[in-house]
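Trainee: If you scroll down you'll find the structure; I have some questions about it.
The values are calculated or read from the model by the stated rules, or taken from the named source; none is laboratory data. Remember, it's a predicted structure, so these values are computed and weren't measured experimentally. Here Cβ is always computed from backbone atoms with ideal geometry, including for glycine, and neighbour counts include all displayed protein chains.
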Amino acid sequence: MAAPRAGAPVLVGGAANPPLVAAVARLLQVEPTSGQAERFPDGEQHVDIAGPVRGRDVYVVQPTSPPVDQHVMELALLADACRRAGAGAVTAVAPYFGYARQDRRVRGREAIGAHLACAVLHTAGVQRVVAVDLHSSAVAGFFPGPVEHLSAVPLLADALREALPPDPVVVAPDLGATKLAMRYARLLAAPMAVVHKLRMSGTEVAVQGIIGDVRGRTPVIVDDMISTGGTIEAAFHALVTAGAKAEVTVAATHALMVGTAVERLCALPIRRLVVTDSAGPPPGPLLPTQVVTVAPLLAEAIRRLHRNASLAELRAQE
Ligand code: R5P
């Protein structure tokens, strides 16, 4: 085993989620170093690392949440600045990793955005990525260095267990979430069902059918992320049509809540919405939201990486 790194880890915080940076820093008992992002009049971002990093291992905490391009570029600039200032190793701690949904060409003349995002970050000087519940584990293959893929599912399942509805059925709102739902169903000792969803556009989805028996049961819909809320909305209506109870619990690791997501979800009889703080500020008081912080998970991962210890128990199960 390699020797533990010298000195405390240097934590550099980007602008995407300052409360999360502060919480991780508190747990690690370090003072976070700010990246001091500013904008030139033409819109370019400019960063300047506030403290010394020479010879030190740096962890840049920056989810690449909406606005995704801005946060990816800021992360790349922070990594580049650290590398040029003589940092030892630069790790990007991006609990929400944007572009992960673009992991293949579906229709033909498309880019593979996940691959490009990995290439940009690596070129900038990121040597390792720490992410939570990646939409696609293809990211681990696209990034040339190690990708530590952690999971918040055990934390979210613990929170769900505190007030699970009677007769729950764990529901994957699309085929891609089937393995995720299997993990929740196992942890919650509940049956599961899968919604067969078709995506028509970025904001529109259609349901083809449901696999599994949901009649008379209360759905617990689980997903890796909520973006526009269209997937949850379509799954809920399909479940009720199939005989499920007309109330729903929703759990997702990444609460992106873009566009009219909050209004969309407010129109559903949501009993509880359980999400993490991986992406940014929580959805606000209109929804019955419980936020589970990923700060202890990230702090523990950084602690272990810094002393070259195993992350086995923190890892996502593919
Ligand atoms: C898609 O495959 C993902 O797992 C989510 O289901 C999806 O990205 C959620 O997006 P939206 O909330 O916009 O339907």
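Trainee: Inside segment 107-213, counting only helices (runs of 4 or more DSSP H) that do not spill past its ends, which hold 2 or more residues that are surrounded by fewer than 19 Cβ atoms within 10 Å (Cβ to Cβ), away from the ligand (no atom under 16 Å from the Cβ) and more than 18 Å from the chain's Cα centre (by Cα)?
Mentor: On the way: elements: 113-124, 138-142, 153-161, 178-188.
In segment 107-213, 113-124, 178-188 are the helices (runs of 4 or more DSSP H) which contain 2 or more residues that are surrounded by fewer than 19 Cβ atoms within 10 Å (Cβ to Cβ), away from the ligand (no atom under 16 Å from the Cβ) and more than 18 Å from the chain's Cα centre (by Cα).
Trainee: Any chance you could count how many residues in segment 291-303 are surrounded by 17 or more Cβ atoms within 10 Å (Cβ to Cβ) and within 29 Å of Ala238 (Cα to Cα)? Full working, then the answer.
Mentor: Our first condition is that a residue be surrounded by 17 or more Cβ atoms within 10 Å (Cβ to Cβ); within segment 291-303, this holds for 292-295, 297-302.
Subset that is within 29 Å of Ala238 (Cα to Cα): 292.
The number of residues fulfilling the criteria is 1.
Trainee: So which residues in segment 265-287 are modelled with pLDDT of 95 or more and of a type outside the set (A, V, I, L, M)?
Mentor: If the condition is that a residue be modelled with pLDDT of 95 or more and of a type outside the set (A, V, I, L, M), then Cys266, Pro269, Arg271, Arg272, Thr276, Asp277, Ser278 are the ones that fit.
Trainee: Could you give every pair whose Cβ atoms fall below 7 Å, whose first residue belongs to segment 97-117 and is free of Cβ contacts under 8 Å to residues at least 60 places away in the same chain, and whose second residue is more than 12 Å from the ligand (Cβ to nearest atom) and among the polar types (S, T, N, Q), counting only separations of at least 6 or pairs across chains?
Mentor: Here the result reads Phe97/Thr64; Gly98/Thr64; Gly98/Ser65, each pair linking segment 97-117 to a residue that is more than 12 Å from the ligand (Cβ to nearest atom) and among the polar types (S, T, N, Q).
Trainee: Step by step: first the residues of segment 257-282, then only those that are within 11 Å of the ligand (Cβ to nearest atom) and surrounded by fewer than 21 Cβ atoms within 10 Å (Cβ to Cβ), then the one that is nearest to Ile226 (Cα to Cα). Which residue is that? Give the steps one after another, and end with the answer.
Mentor: Of the residues in segment 257-282, the ones within 11 Å of the ligand (Cβ to nearest atom) are 257-261, 264-265.
Adding the requirement that they be surrounded by fewer than 21 Cβ atoms within 10 Å (Cβ to Cβ) leaves 258-260, 264.
Details: Val258: 8, Gly259: 11, Thr260: 11, Arg264: 11 Å.
Selected residue: Val258.
Trainee: Return a yes/no flag: does segment 216-234 have any residue that is within 15 Å of the ligand (Cβ to nearest atom), outside any loop (DSSP other than H, G, I, E, B), over 30 Å from Leu298 (Cβ atoms) and free of Cβ contacts under 8 Å to residues at least 40 places away in the same chain.
Mentor: Scanning segment 216-234, I find at least one residue that is within 15 Å of the ligand (Cβ to nearest atom), outside any loop (DSSP other than H, G, I, E, B), over 30 Å from Leu298 (Cβ atoms) and free of Cβ contacts under 8 Å to residues at least 40 places away in the same chain, so the answer is yes.
Trainee: Take the conditions buried (at least 23 other Cβ atoms within 10 Å of the Cβ), under 15 Å from the mean Cα position of the chain (by Cα) and assigned to a helix (DSSP H, G or I) and apply them to Leu239. Does it pass?
Mentor: Values: buried (at least 23 other Cβ atoms within 10 Å of the Cβ): yes; under 15 Å from the mean Cα position of the chain (by Cα): no; assigned to a helix (DSSP H, G or I): yes.
It is false that Leu239 is buried (at least 23 other Cβ atoms within 10 Å of the Cβ), under 15 Å from the mean Cα position of the chain (by Cα) and assigned to a helix (DSSP H, G or I).
Trainee: Then there's this: Need the failing condition index for Leu273 against (1) under 23 Å from Ala181 (Cα atoms); (2) assigned to a loop (DSSP other than H, G, I, E, B), just the number.
Mentor: Unmet condition: (2).
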